Amino acid sequence: MKPAVKRAKKVLAIERDAIDRLIRRVGKEFSGAVDLLGRCLGRVVVTGMGKPGIIGQKLSATLSSLGIPSLWLHPAEAAHGDLGRVTGQDVVIALSHSGETDEILHLLPVLKRLGARVVAVTGHPRSRLGAQADVVLDTGVKEEASPWGLVPTASTTAMLALGDALAVALSEKRGFTAKDFAALHPGGSLGKRLTLRVEDLMRTGAANPVVRESDSVQKVLLAITRSRAGSASVVNSGGKLSGIFTDGDLRRNLGKDPWVLRRKVRFLMTKNPKALPKGHLAVEALKLMKLFRIDEIPIVDSKRHPVGLLDIQDLLKAGLV
């Protein structure tokens, strides 16, 4: 085994063990932190110095993403005026592996005077930070994964994982839903997956070719060409969807029947095609397309009348693929 691979496996094993130790340690204090944060009437302020500070920025962003108002506060800048961002209704999450970070400790008396509550995330619960916090979450590790044990590695991994657990547990306590998540992510692919419905993307009118079972294949192909689609929805005498005709159907029959263009489409169409009613999420259409290896899905109303056509290209343009 090459030295680099051996080292990588060692690092990952140490960090895995740090997470395992953290899992066993989570209990009453974690629940207390979630309760305290759940009662917060202001914002969750996250602060930390150095590598824990970087973890703190990620935690603050995750909290905001889950509908929990949060801001990141640099402890050094806080001492020079940014403490004005903190109110007595806020809860401060302070991250420090040693629990003795000067920039963090200098903030504690001011935070107490403001009335803000403090959750300490530290590897040393009996540190000065731990002693002055309202709730202490222990992220202590047996060893760092770096040579000589000097560079924060396993300890920051533990902080990152605990922060994620805290954010998710808090969002569930507050009743945060997928709909809420979508409202906060309207421009991203995740938001699109939770908000875009088939009727938002489907082709309608002249772009949605609908033909009758009695129409000839030639007539159907002309309708498909005019609409610039890849298929046509076929309806019965009552106007209900009974089939779909695609270029694949044409190719499968072209070599077998020299008179294929004159045939009625009902003899060549794919019967009882996959279809989705209006109101379904566009991502559900994508799942059907992948599952059945198809490129188009007719969209129907409550009476199974085709009202639109959804093509894989429409999903590509919308950024869902």
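The numbers here are math on the coordinates, done by the rules we state, and not lab data. These figures come from a predicted structure and were not determined experimentally. Cβ coordinates were reconstructed from backbone atoms using ideal geometry, including for glycine residues, and neighbour counts include every protein chain displayed.
The table for this structure:
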read-out	value
Listed residues VAL44, VAL11, VAL92, most fluctuating in the chain (Gaussian network, C-alpha, under 10 Å)	VAL11
Sorted by Cβ density within 10 Å, fewest first, the residues LEU281, LEU41, LEU59	LEU41, LEU281, LEU59
Contact order normalised by residue count of the chain, Cα under 8 Å, 6+ apart, percent	14
Gained length - LEU254 relative to ARG39, 0.36 nm times residue gap less alpha-carbon distance	70.5 nm
The chain, helix-only ellipticity at 222 nm - DSSP H runs n ≥ 4, -39,500 (n - 2.57), divided by all residues, nearest 500	-13000 deg cm²/dmol
Per-selection Kirkwood Rh - the chain (Cα, Å, 1 d.p.)	24.0
Crossing angle, helix 154-173 versus the chain [Cα axis fit, 0-90 degrees, rounded to tens]	60
Convex hull volume per residue for the stretch 3-176, taking Cα atoms only, in Å³	110
Extension reserve of the HIS106-ALA207 stretch, reckoned as 0.36 nm per residue once the Cα distance is removed	29.7 nm
10 Å beta-carbon shell around THR153, net charge (K/R +1, D/E -1)	-2
0 to 90° range, to nearest 10: angle between helix 217-227 axis and the chain longest Cα axis	40
Charge dipole magnitude, Cβ of K and R +1, D and E -1 - the stretch 3-176, Cα centre, debye nearest 20	340
Antiparallel content of DSSP bridges confined to the chain, in %, to 5	40
The chain: most fluctuating residue of LYS264, LYS256, LYS28 per GNM, C-alpha cutoff 10 Å	LYS256
The stretch 52-127: relative contact order in percent, alpha carbon pairs under 8 Å with at least 6 residues between	32
Low-density loop cleavage sites - chymotrypsin sites (Phe, Trp or Tyr not before Pro) in the stretch 255-321, where at most 15 other Cβ are within 10 Å (DSSP)	TRP259
Farthest positive-ward along the stretch 3-176 dipole, Cα basis, beta-carbon charges - from ILE54, SER64, ALA167	ALA167
Gained length - ASP295 relative to LEU114, 0.36 nm times residue gap less alpha-carbon distance	59.1 nm
